[in-house]
Each structure stands twice: as C-alpha cells, then as structure tokens.
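Asks: Sharing a structure here in structure tokens format.
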Amino acid sequence: MRVIHITSGVESLSNLDFNMSRAYENINKKSTHKINIVSKENESIQSLLAKIKNFKPDVIIVFRAPLPTAFLSALKKLQISIGRWVVDDPHRIDKHVLKSKPYDFVITQEKNCLSVYKKNDLKAIHGPLATNEKEYYPMKVNENYVSDICFIGTPYKNRLAIIDSLADLLQEKNTFIIGPKWEQLKNYTALKTSIINQTLPPNEVAKYYNGAKIVLNLNRPINDVGLNKQKINAITPNNRTFDIAACQSFQLTAYLEELEAYYKLKDEIICFKHKEELREHILYYLEHSEERQRIAQKAYNRTLFNHTYTIRLQHFLDQLQSFIK
C-alpha cells in the first residue's frame, strides 16, 4: 500500500510529527508499504498535488490539524481516500466529529470513540499512540534527576486533588512535581520545594523518568476543555504510559479498561483506581525495590516488543490496507 502522510506542523511535547516520521522511515526500509511524508507548511496546492500525482498513493492521511478548505477540495478531486488522524480524543471529540465530516474516514487514538464516529456516519479506525525508543530509553542520570516519586504534567483538577491528598507523603519523600501552574495546589506551600514550575523537553523528561523510583501516570479529566459533552470515557493508554515503560522505569498508572490489552496487569504494570489505593501502592513499592524493578523490566521488554512507533505503525498500516478496500 502507498500512503501520503501529511504532518500536522503542530509542535508539542509529545513530538508526534517527528516520532511518526522516523517510524515511517524505518518502515520504508523493510516493508511492502511505502509512505511519503509531506509537510503542508512547505507546500503550495500545486506542489502538493504534483507530489501526490507522482507518488500515486492508495490513501492520504492528514495528521491532527485539518487541511485548509482549498487544499482539501483539491485533494478530493483526485478521488483518493483521505483520512484524518486525531490524537486528543475523547477530550475534543465534539470538535473532531464536526471537523472530520469532509474526510472519508477518521483515525482516533481512543478506542472508546469509534462508536461515536460511527453514530455520526463517519468510518473510523483505531490508531493508538506508542513511544520513540530512541528518545525514551534506560540511562544513567546524575543526582539532580533522582527522586522517590515523580510526576510530570499539567495540573488538571483531578490531578491537583490527587497530589493534594498525598501531600503529607510527598513532603516526606524525595519528590518531583514538574510542570507550569502547580501553585494551584492547596498544599503548594508544603510542596513548594518539590515543584519545578516549567515545561520540559522530551530529553529532560526521560532523565527524570530514569531517576525516579516511582513515576506517577495520572489521567486528565475527560471533559476538561468542554468539548466532550457526552462525557465519553477514555479507555486507551496515553503515550506517557509507553514512554515511562521505555525508560525501564516503574510507574503507577490510573486504571483504564484497555490497559490489559497492552500490558499484563499486576505483572508488567501496576494500576490504581482511587487515591487511597495509590497511596498504598506508593508505600508498598518504595519498600520493595526488587519487585518494583522486576515489574519495570517486564514493562520495558513488552514495550520494545509491542509498543514502539515503528511496530505500532506497521500494524496500523496492515489494518488500514484492509479498512480502505
């Protein structure tokens, strides 16, 4: 199958354009699928059409940001199947449904949203995220990155509540809470010395993951931006799950229904369903380093075998080939 993948041009800490482009390059070297990666920021309609006509793709994928109307109208005249790949479901599902109607199909990273698109007469396929093992990997770090407990992320309301509930424990331990605007914590004063109020690039994030005994993986609220009015639950693991595991770091992650489709629960990954259970797990695994390291090693092995972008996209392209027929 021949695919034109149009990158988003959206800069993010997840580095998705770079990670996926690298994976496609790997696939091009050894697969029957051939992918041409195109940046719409660097293309006029005429040059984009020329590349498509020359490459003769079976399908065009528009990643994240929808194409300008003029671009999309021109592409549709070629009568090639065009799909839009979204990565913020279910949090922006209302907007994604509306913006995706001109496309032939949607690729969503969230499995629980497939039925929503179907109800809106949109064909949809599941395309979960993964990790770039060249960016997230085991490494030795200096003492500045070492911690008992580490969380890196945005202070959504549910995350603030969880961190506040653990404030006494986090204050006793060597803790890092990293990201902007954590001064919203009720216990900010008590935790102030543990907070790094800045956004970190992936290479720094990987160092903090490697230096932590326990990395917390806390989900975001499902309707945090008001664009999930049906309150569709997220059930697919986020890319942070795979990034942490790729660092061979131990994580405690909020439970999601689909987690066990990716890792063996209680063997390769440890979940929690409420704040009290999270506290219990933190106390237990800080005291049981061998068990913690064994679980982290198993998650690492599973991730390299199943959850890198190269592996994920190869599997996705195999599925897509059947999907568009």
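The values are calculated or read from the model by the stated rules, or taken from the named source; none is laboratory data. Being a predicted model, the structure only gives us computed values, none of them experimental. Backbone-built Cβ (ideal geometry, glycine too); neighbour counts: all protein chains shown.
Asks: Taking the stretch 146-193, which residues are among the hydroxyl-bearing types (S, T, Y) and farther than 19 Å from I282 by Cα?
Replies: T154, Y156, Y188, T189, T193
Asks: Assigned to a loop (DSSP other than H, G, I, E, B), touching a strand residue (DSSP E or B) at 6+ places or on another chain (Cβ under 6 Å), in contact (Cβ under 8 Å) with a residue 40 or more places away in the chain and of a type outside the set (K, R): does that describe P90?
Replies: no
Asks: Given the condition of a type in the set (D, E) and either under 21 Å from T253 (Cβ atoms) or crowded, with 20+ Cβ neighbours inside 10 Å (or both), answer yes or no: does some residue in the stretch 168-185 qualify?
Replies: no
Okay, residues lined up against (1) surrounded by fewer than 20 Cβ atoms within 10 Å (Cβ to Cβ); (2) outside the structural domain of Y208 (by TED's automatic domain parsing); (3) at pLDDT below 95; (4) charged (D, E, K, R):
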| site | (1), (2), (3), (4) |
| --- | --- |
| K76 | yes, yes, yes, yes |
| S81 | yes, yes, no, no |
| H96 | no, yes, no, no |
| Y103 | no, yes, no, no |
| T108 | no, yes, no, no |
| L122 | yes, yes, no, no |
| E135 | yes, yes, no, yes |
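Asks: What tally of residues in the stretch 110-120 results from selecting those that are closer than 18 Å to S81 by Cα and either small (G, A, S) or crowded, with 18+ Cβ neighbours inside 10 Å (or both)?
Replies: 1
Asks: Could you list all residues from the stretch 237-259 that are surrounded by 15 or more Cβ atoms within 10 Å (Cβ to Cβ) and out of contact with any strand residue (DSSP E or B) (no Cβ under 9 Å at 6 or more places or on another chain)?
Replies: Residues satisfying the conditions are Q248, E258.
Asks: Output the residues belonging to the stretch 18-74 that are among the acidic types (D, E) and not in a loop (DSSP other than H, G, I, E, B).
Replies: Answer for the stretch 18-74, where residues must be among the acidic types (D, E) and not in a loop (DSSP other than H, G, I, E, B): E25, E41.
Asks: Go through (1) touching a residue at least 60 places away in the same chain (Cβ under 8 Å); (2) surrounded by 20 or more Cβ atoms within 10 Å (Cβ to Cβ) and name the single condition T7 misses.
Replies: (1)
Asks: Filter the stretch 36-69 down to residues that are within 23 Å of Q109 (Cα to Cα) and without any contact (Cβ under 8 Å) to a residue 40 or more places away in the chain and give me whichever is surrounded by the most Cβ atoms within 10 Å (Cβ to Cβ).
Replies: V38
Asks: Within the set of pairs 6+ apart or on separate chains, which have a first residue in the stretch 193-222 that is polar (S, T, N, Q), a second that is assigned to a helix (DSSP H, G or I) and crowded, with 21+ Cβ neighbours inside 10 Å, and C-beta atoms under 9 Å apart?
Replies: Sorted first by the residue in the stretch 193-222, then by its partner, the pairs are S194/L170; N197/W182; N217/R240; N217/T241; N217/I244; N219/R159.
Asks: Can you run down the residue pairs with Cβ atoms below 7 Å, 6 or more apart or on separate chains, where the first is in the stretch 166-183 and in a loop (DSSP other than H, G, I, E, B) and the partner is at pLDDT 95 or above and hydrophobic (A, V, I, L, M, F, W, C)?
Replies: K173/I149; G179/I152
Asks: Using the structure shown, decide if N158 is under 21 Å from the mean Cα position of the chain (by Cα) and surrounded by fewer than 20 Cβ atoms within 10 Å (Cβ to Cβ).
Replies: Criteria met by N158.
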